[in-house]
Amino acid sequence: MGELASAGIFGVLLICTTVVTDAVNIEERKATLGETVVLPCIDTAPNRTLFITQWVKDGTIIADSNSSYVQRSAIHFSILNNSSLQIRGLTVSDGGNYFCNITPSTSAEENQTHIKLLIFGAPIKHPECLSQMGNASMQLLLRCIWIGVYPLPTLHWTEESRSLGDHEPVLNVSQTEESLEVTLNRSQLRDGQELRCTGHHPALEPKDYRSCSVTLKAPYPQGDPLVTAFAGKNVTLKCTETESIPPANTTWLKTIRQEKIIPSSKYIISQDGPVFTLTIVNCSKEEDEGVYFCRSENPVSVQELEVFLTIKSSASNVGGVIGTFIAVLIVAAGIVAGVIAYSNRDRICLGHSFGNEERSDVLNLVDSDEEELFNDPATRITAVANGHATSLVQIHHNSPGDIEDLKSTDSERGEENTPTSEEGQATL
């Protein structure tokens, strides 16, 4: 602390505000560390004993004329006869907000003095960079602010080299002040350009500087380019713009001639954060159908979102409802047909009709050497699994008449194979 004080770059700035009834007095003082400072509370005559004076620093009582409150020794803080506060050997820790309360002993009236201290020395915080549209839409106003620093800093606006590319630098301005403003035209600006403000202070090493920056961005409005509405109804067009730095000015235009839309009972324009809306009341095909533009402009450039509005009549609305109904019917019919086909898939695959003709299933189990049974009406089937003959199962679907014929054939075969009595005797 001693080294910094001896350098002569530290001090305390005292801003004194005195409130007496309805009158307000503001006084600013500058002092260096180690000095003796007197903070006035109220312009009272010396040796006035009818007032009670109390000094408070950052919410803590440091001196009271009635009960002698002290934060440190009476040598450092003392209340003078005119209610002023004397601070001897000013230090950095004396920075803060001081309040002086004066209460007349015969009245409830209270007067206050507010004193604000700003420490002189190496600043900790960084400057603040601001960007906004200038007096014209094509102008950029840059502001670099470093308030509360003493001695006054040197502020320097430059363009970052990494954003230059093939361009020449357009900004190189400096000034010793707590704020520095610069104005640039659109011809000097481009999307992605980075502009930096550097603050230098005597208490800082040249390489130990404080800075802030602004990166410019062109506007980019977004939204639905095609909107459909029905005649006689209200329709709302939306446009969102969140990209631009500095913030863009967004307006709505109409027709190819880009006529600016003026808010009225017909056209309602509103904004909710980055969302800009245009509501057209009781729209009509003749008057409102066509192209609209959401136009966003900042000092960097101008960008537009083109929206085409189509207005359909009420007859078109009825036709759409009917068309939707027919489409639903077609889909439902397809579903029903699919369910019926799936439930009768066995009949469809075997080539039979959906009739109620009576029939029965005949199951023949045969060995592979009894091939004579696979004659008409069945088709011969040969099955070999792993090189071995296997038994086959064949299902015949026969009508009742076919079953009777099959029984008659089996009876005739049985009679032919039964030997007569004569043949039996001859054999014996």
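How many Å² of accessible area per residue for segment 155-290, probe 1.4 Å?
Counting only protein heavy atoms, the per-residue value for segment 155-290 is 58 Å².
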So the FRET efficiency between Leu130 and Ile256, C-beta based with R0 = 56 Å and rounded to 0.05, is 0.90
Env charge @ Glu287, Cβ radius under 14 Å, K,R +1 / D,E -1, value 0
Extend 7 Å from the Cα of Glu306 along its Cα-to-C-beta direction; within segment 253-282, residues with backbone N under 13 Å of that point are 255-258
On the formula 1/(1 + (r/R0)^6), with r taken between the Cβ atoms of Leu80 and Thr60 and R0 of 30 Å, the FRET efficiency rounded to 0.05 is 0.90
Taking R0 as 60 Å and r as the Cβ-Cβ distance between Ile348 and Thr228, the FRET efficiency 1/(1 + (r/R0)^6), rounded to the nearest 0.05, comes to 0.85
In whole percent, the fraction of accessible protein surface over segment 157-307 that belongs to carbon or sulfur atoms, probe radius 1.4 Å, stands at 46 percent
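How would you rank 324-335, 79-90, 134-145, 226-237, highest first, on the average number of other Cβ atoms within 10 Å across their residues?
79-90, 134-145, 226-237, 324-335
The values are calculated or read from the model by the stated rules, or taken from the named source; none is laboratory data. Not measured: the values here are computed from a predicted model. Using ideal geometry, Cβ is built from the backbone for each residue, glycine included, and neighbour counts are taken over all protein chains shown. Calculation scope for accessible area: heavy atoms of the full protein, side chains included, ligands and nucleic acids excluded. Shrake-Rupley method; radii C 1.70, N 1.55, O 1.52, S 1.80 Å.
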